[in-house]
Every structure is written in structure tokens, then in C-alpha cells.
Amino acid sequence: MAGKSRFTRLDAFTKTVDEARIRTSSGGIITIVSLFIVFWLAWGEWADYRRITLHPELIVDKGRGEKMEIHLNMTFPKMPCELLTLDVMDVSGEQQHGIVSGISKVRLRSQKDGGGVIDTKALSLHAADEAATHLAPDYCGDCYGAKAPANAVKQGCCNTCEEVREAYAQASWAFGKGENVEQCTREHYAERLDEQRAEGCRIEGGLRVNKVVGNFHLAPGRSFSNGNMHVHDLKNYWDGDITHDFTHQIHALRFGPQLPESITKNLGNKATPWTNHHLNPLDGTSQITTDPSFNFMYFVKIVPTSYLPLGWDSKRSPQDHDGGLLGSFGQGSDGSIETHQYSVTSHKRSLSGGDDSAEGHAERLHTRGGIPGVFFSYDISPMKVINREERSKSFTGFLTGLCAVIGGTLTVAAAVDRGISHPARTMSKTLSRVVFVGNIPYGLSEEQITDIFSSAGKVINFRLVYDRETGRPKGFGFAEYPDHDSAASAVRNLNDYETMGRKLRVDFSNEGGTDDNDFNQGRDGLSFSAPNTYGQTAPAAPQASTLPPLPPGKELPANITATDAISRTLNTLPPSQLLDILTQMKALASNDPARATELLQQAPQLSYAVFQALLLMGLVSPEAIHSVLEPGSGVPAPQAPPAGFLPQGVPGYPPAGAINTPPVAATPYPAPPQPVYGAPAPAPAPAPAPALGHDTDALMRQVMELPIETINTLPEAERAQIMALRAQFQQQRR
């Protein structure tokens with residue numbers, strides 16, 4: 001493990017070893033669900049980042065001398081085109097009578113005939129089909145007392161019926177059907193008018209007006225000015241057997257150019273009224289009346305509007321809507337799109353006035369008189385709306401939202417997991433029949449632990465947990481009782497029970513203790529491994545082995561064999577630790593002979609280490625081993641302990657070594673005294689070990705009882721040593 005860096009204490013993300021983590025099925029399901037939620041919300045964040053929205057701004061309109069386009073498409077099913085006139089007036093004093101430029105009149109059949117289109121006529125004062133080409137070159141028609149119009153084909157003459165009508169309009173005279181007017185008689189004006197009385201008319205097209213307050217209207221008869229009054233010649237409207245009225249339908253009416261489809265498709269529709277501010281509110285409007293003297297009025301409030309597309313400032317278009325063709329897109333010089341929104345209110349009344357006797361009308365004064373028709377009065381707002389296209393969020397905002405989605409989802413998932421798993425663990429712990437036993441001394445066998453815990457009740461099973469890598473006990477295990485009351489009694493009475501200088505730690509098991517993995521991994525799942533001191537890699541265990549794999553060996557220095565390394569390692573251990581090794585081997589052979597046999601088969605170096613430990617402890621003489629070895633066999637005999645003294649443990653402290661204490665928390669020891677190095681003291685006389693004889697005899701009996709088949713599977717050197725020891729013990733028995 002690398003040394004600690006100076007930044008270690010600054011680490012805010014503490015790590016947990018994998019063995020200490022508890023994984024549950026509910027946690028896995030919550031993880032999968034949370035991942036789906038994270039992906040779904042992340043996709044929503046991405047879609048929101050890519051979404052283009054309109055950001056409105058309100059400014060003062062500083063435009064001057066601008067023009068405004070009006071585009072209309074209206075149908076009058078009971079008004080012939082010959083009688084319908086379009087006029088425009090504004091507060092600047094400009095009046096446009098009988099507008100013909102940019103407007104088309106579409107003749108429609110009567111409603112009883114289906115209302116189909118008869119023909120379409122683009123209005124012009126001198127249409128090609130009306131030119132008086134049959135007249136003599138020197139012909140000059142009479143204007144009947146009026147002044148010839150300035151735009152007449154032949155200056156000072158009225159050669160057509162239309163020119164006579166225009167001259168009368170300029171003179172503010174009524175014209176009628178043109179009786180006794182030679183030009184109208186020649187062109188059959190009266191007959192043509194009578195033929196169209198049952199027809200309808202559709203007005204479509206556009207006109208350009210000053211961007212000031214004004215109005216435009218569609219009314220019957222020729223219009224003209226009489227002093228300061230704007231009047232219409234209604235004689236032809238009232239004459240005839242067929243009654244006309246101003247029932248109408250507004251197909252489309254907009255102020256300003258049409259927005260491109262790329263913009264309108266993203267702005268909303270009538271199904272979502274909170275987003276239809278860009279739509280024209282009068283589109284599709286219908287009004288019905290049977291009264292020929294009826295007046296419809298629409299009061300329109302126009303708001304100039306600019307649309308700035310995404311990246312509009314990088315566009316440069318020389319086309320300006322004031323100079324472009326009528327009906328073209330209002331592309332500004334900076335790439336913006338100039339148009340207008342509007343709101344509208346309407347009013348309608350009869351020219352004959354209302355019924356004064358009607359309920360609620362006594363306090364009203366009804367206006368009488370006027371001109372029948374459809375009137376549009378418009379007012380221009382001094383404020384301007386700028387709709388700027390922009391992303392709903394920046395890329396930084398997208399990253400922030402993405403991190404918030406991931407962190408928030410995982411936090412909520414963790415809270416849900418705790419809410420599900422914690423009560424389950426608490427309930428399992430409360431009703432558990434298995435108790436955890438920690439801080440177990442190494443010298444305490446499973447039988448002794450079972451005897452201790454039998455005082456609280458009958459122990460069904462006790463499992464001591466071993467390390468998977470080293471095969472050594474971890475210092476804790478699990479005791480199973482037949483009922484929860486017995487387990488609770490053990491936790492209550494045996495916690496802090498002292499044995500062999502250690503206090504046992506007893507508590508309910510979180511995992512229940514019934515799974516082999518729990519017994520192998522323990523309560524906390526922690527494992528501690530010791531280095532392999534054999535100096536070589538252990539051979540692979542058989543396929544059917546139940547033992548964990550041995551840890552990898554260490555690289556040996558040059559000219560050092562494995563047996564020499566084992567001998568040198570054992571020479572550095574104190575007698576207490578050697579005794580601990582032999583005791584554990586004896587306990588394993590007593591409790592689980594099959595496991596001990598399998599361990600010796602898997603690790604033949606252990607056999608050599610055991611015999612070497614016996615030599616170091618003085619339990620077997622070197623002469624006895626050498627006497628049974630065949631000369632020239634090449635089998636290395638266990639080495640005798642060198643002269644000098646064996647390192648001793650410090651009194652009151654645990655024996656030295658990497659794996660001689662269990663991995664449990666205990667009362668910390670004070671600092672041990674430092675060893676004094678120098679010349680070795682004289683070797684003391686070997687002390688008798690009567691207490692060890694019985695244990696050694698039992699251990700050697702286990703070795704003597706090894707089957708010949710098992711011994712034959714060992715390497716040649718170890719097999720020779722085993723056979724030599726067997727021969728020696730057989731000779732001693734004789």
C-alpha cells in the first residue's frame with residue numbers, strides 16, 4: 001500500500017472496503033429503477049437544453065415614416081362585386097377612395113346556386129378588356145358637366161363609362177346606373193349591374209397604408225368626398241328587386257407580412273390559447289344579418305412586433321419590408337422579421353337605431369343614420385414587442401441540471417433504500433436466533449465456546465469463521481440457538497464475558513448466521529491475511545477442495561531454498577508462537593481430521609514446518625530423523641535450531657507476529673519496551689515441557705494415521721520425511 005500523502009487528510013470521500021458492504025435484492029431493484037429515472041430525466045434536461053423559446057421584450061417604438069401592410073380575404077355572399085368599394089382614410093388627411101391596386105374581386109355565384117367562383121378580376125381603372133379600341137382616333141367623350149379625371153386615357157375626355165363615373169365621383173356627384181350617358185349605354189353598364197345583383201363577392205389582396213391611426217371599410221356604391229364628409233353613392237344599392245346585406249366571413253386579416261412557417265409552427269395554436277398571441281384573432285370570423293341597413297365595426301389595436309431568430313445578428317439582408325413587394329416577408333436589414341400583432345373588439349348596429357321601448361333601452365340614445373358596410377378602425381401602439389428566439393438554458397445550466405438530476409435521484413434512492421432495508425434489518429435483528437461472538441482468543445476451541453454459551457441455552461450450532469486466504473480463524477463466530485429467548489439471554493448475560501484474558505463481544509447477528517457466506521465472512525465481512533513465509537507459490541488445490549486458496553508466496557533471494565527460508569522464519573519466532581502453531585494444528589486435526597488432511601495435502605510445506613517446529617521445541621531429536629533417512633536420498637532433513645536464544649515475547653503483550661491476534665477491537669496496550677540488541681546471551685537449558693507432550697502425541701498420531709494414498713501424493717522430499725518419522729515412531733513403540 002502506498003504511503004499516505006499529505007492530501008490524505010483532505011479526502012472528503014472516505015472509502016469502504018468491499019467486504020464491509022451489505023448488498024440486498026431491494027437495493028439492486030432500487031438501483032435499476034433509479035438508473036432508468038436518471039436516464040429519463042437526463043433526456044428531459046437535454047431536450048430542454050435544445051428547446052428554442054421566445055423571450056419577449058417591450059420597448060418604445062422609435063420608427064418614423066414607416067408604412068404598414070394590410071392583408072385581407074373576406075367573402076360577402078349577398079353583395080355583388082360591382083357595388084362593393086374599398087376605401088382607406090387616416091388621421092394624416094390622406095384618403096384612398098375606391099382602392100384598386102393590389103386588390104382582386106372574385107365573383108361568386110349566389111348561395112342557392114352553390115356559391116362557386118365565376119371569375120376573378122384584378123381591379124384597375126383601365127383594364128385591357130375595357131379599352132375603347134373601337135372608337136375613332138379623334139373621339140372625345142363627353143364628361144357631362146364634370147371635369148375629366150387626371151388619369152383618363154385621353155386627357156380632357158371621358159371615353160368610357162368608368163371614366164365618367166370617376167369624373168362624377170371627383171365632382172361629388174351621384175351617378176346611378178348611368179342613364180342617358182352614352183358611354184354607359186354603349187357598354188351596357190346598367191344591364192351588367194342587374195345581372196350581378198344575385199351574386200356574391202370575395203375581396204382578397206393587400207394594401208399599404210401610413211403607420212398612423214386610420215380606418216378602412218368596405219361599403220356599397222362609389223365613394224367621394226363632399227366637403228369634409230366621406231359619402232357613398234347608394235342609389236344602385238337600394239334599387240332593384242333583390243335585397244342586399246353585409247353578411248360576411250373574414251377568412252384572414254393581418255397587419256404586416258406573413259410569418260414564415262418555421263416560426264409559426266413553434267409558436268402555438270388555437271387549441272392552446274395561452275400561446276396563440278401570434279395568431280390573427282379575426283381569422284375565421286363570421287357575421288350574419290338580414291337587414292340591408294346594418295353596420296359592422298371592428299376596433300383594432302395594433303402592436304408592432306419584431307421576431308429575432310436564433311443567430312439573427314449574424315444575418316444581413318438588404319431587403320426591407322417598406323421597399324419590398326406587397327405581401328413579401330418583412331425581413332429587416334439586420335435579419336429580423338417585422339410584423340404586427342393586434343387585438344380587436346367589435347360592435348354592430350342598425351342604421352335605423354335600436355328599439356327604445358325594449359327592456360333596458362330607456363336610458364340609451366340609439367344612433368341613427370350612417371353607411372351600411374364593414375368598417376375597421378385601427379390604432380397603432382407606441383410600444384413595440386420584440387420576440388427573441390433563444391435557448392431555454394445555457395450549456396452550463398444544462399450541466400448543472402444534469403448533476404442535480406443525478407445527485408438528487410441517487411439521494412432519494414438511497415433514502416428509499418434505507419427506509420426499506422433498515423426496518424427489515426432491525427426486525428431480523430430483533431427476532432434473530434443467531435448471536436455474533438467476537439474477540440475470541442485463538443486458544444479457545446469451538447467446543448469450549450459451545451460450553452460457555454450453553455449456559456444461556458442449548459446451542460444448536462457454533463461456527464468459527466476462518467479467513468478464506470490464510471485458513472486461520474478470524475477471532476469471531478456465530479452461535480445458533482433454538483429460539484430467540486435463548487439468543488437474547490446469551491446477548492444479555494455473556495456480553496463482556498472474560499476468558500483467557502479477553503472479553504467476548506456478544507450481539508445479535510445482522511445476517512442471521514445461517515448462510516455459509518456469513519460464517520466465512522463474518523459480521524463485518526473483513527478479512528486479514530498474513531504473508532506466505534514458505535517462499536514459493538502453493539500448488540493449486542484439487543477441484544473438490546473446500547479450502548480457500550493459499551496466499552501467493554514470496555520471491556526467495558538467490559541461493560536460498562524454500563526449506564531454508566522456512567527454517568529461518570521459524571527460528572525468528574518465539575516459543576509461544578511456535579506453541580500456538582502446533583496447538584492450532586492439533587485443534588484442527590482433532591475437530592476436523594478430513595480438513596486437516598486436505599490442508600496437509602494442499603500445503604506440503606506445512607508438514608515440513610510442523611516437524612521443524614517440533615525440532616525447535618525439543619520434542620523430536622535430529623538424530624532420530626537422520627537415523628531413519630535413507631543415505632543419498634537427497635531429502636533435506638529438518639535443521640536443528642541454531643545456538644543462541646529464541647526471541648521471547650514481552651510479558652503482558654500479545655505474541656509477536658502478523659497473524660497471531662484476531663481482527664477485533666480490544667483494549668489498547670501501552671507501548672512495549674524496546675528490545676535491546678547486542679551479543680546473544682548464553683542459551684538457557686531447555687526446559688521440560690510436560691504439558692506439551694500429550695498434545696504432541698495426539699498430533700503425531702494424526703500424522704501416523706495418514707493413509708498411504710495420501711502420503712504418495714506428496715512431493716518426494718516430504719514423503720521421505722513422513723516415512724522416516726513413521727518408521728521412527730514405530731521403532732520407539734517397540
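Checking Gln183 against (1) outside the structural domain of Gln111 (by TED's automatic domain parsing); (2) in contact (Cβ under 8 Å) with a residue 12 or more places away in the chain; (3) out of contact with any Gly (no Cβ under 9 Å at 6 or more places or on another chain): exactly one of these is not met. Which one?
(3)
So, in segment 229-258, how many residues would count as being at positive phi and modelled with pLDDT under 80?
1
Can you tell me which residue within segment 365-407, out of those that are exposed (fewer than 13 other Cβ atoms within 10 Å of the Cβ), over 18 Å from the mean Cα position of the chain (by Cα) and hydrophobic (A, V, I, L, M, F, W, C), is modelled with the lowest pLDDT?
Filtering segment 365-407 for residues that are exposed (fewer than 13 other Cβ atoms within 10 Å of the Cβ), over 18 Å from the mean Cα position of the chain (by Cα) and hydrophobic (A, V, I, L, M, F, W, C), the one modelled with the lowest pLDDT comes out as Leu365.
Applying the selection to segment 438-478, what residues are surrounded by fewer than 20 Cβ atoms within 10 Å (Cβ to Cβ), of a type in the set (Val, Ile, Thr) and under 54 Å from the mean Cα position of the chain (by Cα)?
Across segment 438-478, the qualifying residues are Ile460, Thr470.
Filter segment 66-80 for residues that are touching a Leu at 6+ places or on another chain (Cβ under 8 Å) and among the hydrophobic types (A, V, I, L, M, F, W, C); which is farthest from Arg197 (Cα to Cα)?
Ile70
I'm checking my understanding of the structure. Among residues of segment 199-224 that are modelled with pLDDT under 85 and of a type outside the set (D, E, K, R), which one is farthest from Phe375 (Cα to Cα)?
Only one residue tops the list, namely Phe224.
Looking only at segment 100-155, which residues are modelled with pLDDT under 80, of a type in the set (Ser, Thr, Tyr) and surrounded by 14 or more Cβ atoms within 10 Å (Cβ to Cβ)?
Ser101
Given the conditions (1) out of contact with any strand residue (DSSP E or B) (no Cβ under 7 Å at 6 or more places or on another chain); (2) farther than 24 Å from Ala219 by Cβ; (3) basic (Lys, Arg), which single one is not true for Arg368?
Failing condition for Arg368: (2).
For segment 342-357, which positions are more than 20 Å from Thr289 (Cα to Cα) and either at pLDDT 90 or above or among the small types (Gly, Ala, Ser) (or both)?
Tyr342, Ser343, Val344, Ser357, listed by residue number.
Quick one: is Ile452 touching a residue at least 24 places away in the same chain (Cβ under 8 Å), within 30 Å of Ser576 (Cβ to Cβ) and assigned to a helix (DSSP H, G or I)?
yes
This table checks each residue for (1) more than 25 Å from Gln170 (Cβ to Cβ); (2) among the acidic types (Asp, Glu).
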residue	(1), (2)
His188	no, no
Glu191	yes, yes
Arg202	yes, no
Gly205	no, no
Val209	no, no
Asn215	no, no
Pro220	no, no
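I'd like the residue in segment 482-519 that is buried (at least 20 other Cβ atoms within 10 Å of the Cβ), assigned to a loop (DSSP other than H, G, I, E, B) and under 50 Å from the mean Cα position of the chain (by Cα) and, out of all such residues, is modelled with the lowest pLDDT.
So the residue we want is Gly513.
What do you reckon, is Thr289 β-branched (Val, Ile, Thr), surrounded by 14 or more Cβ atoms within 10 Å (Cβ to Cβ) and modelled with pLDDT under 90?
No; evaluated as a whole, the condition is false for this residue.
Return the total of residues in segment 377-399 being touching a residue at least 24 places away in the same chain (Cβ under 8 Å) and of a type in the set (Ser, Thr, Tyr).
4
For segment 24-120, give me every one of the strands (runs of 3 or more DSSP E) that falls completely inside it and has 2 or more residues that are of a type in the set (Asp, Glu) and under 30 Å from His244 (Cβ atoms).
Result: 84-90.
The values are calculated or read from the model by the stated rules, or taken from the named source; none is laboratory data. Keep in mind that this is a model prediction, so the values were computed, not measured. As a convention, Cβ positions derive from the backbone with ideal geometry for all residues, glycine included, and neighbour counts pool all protein chains shown.
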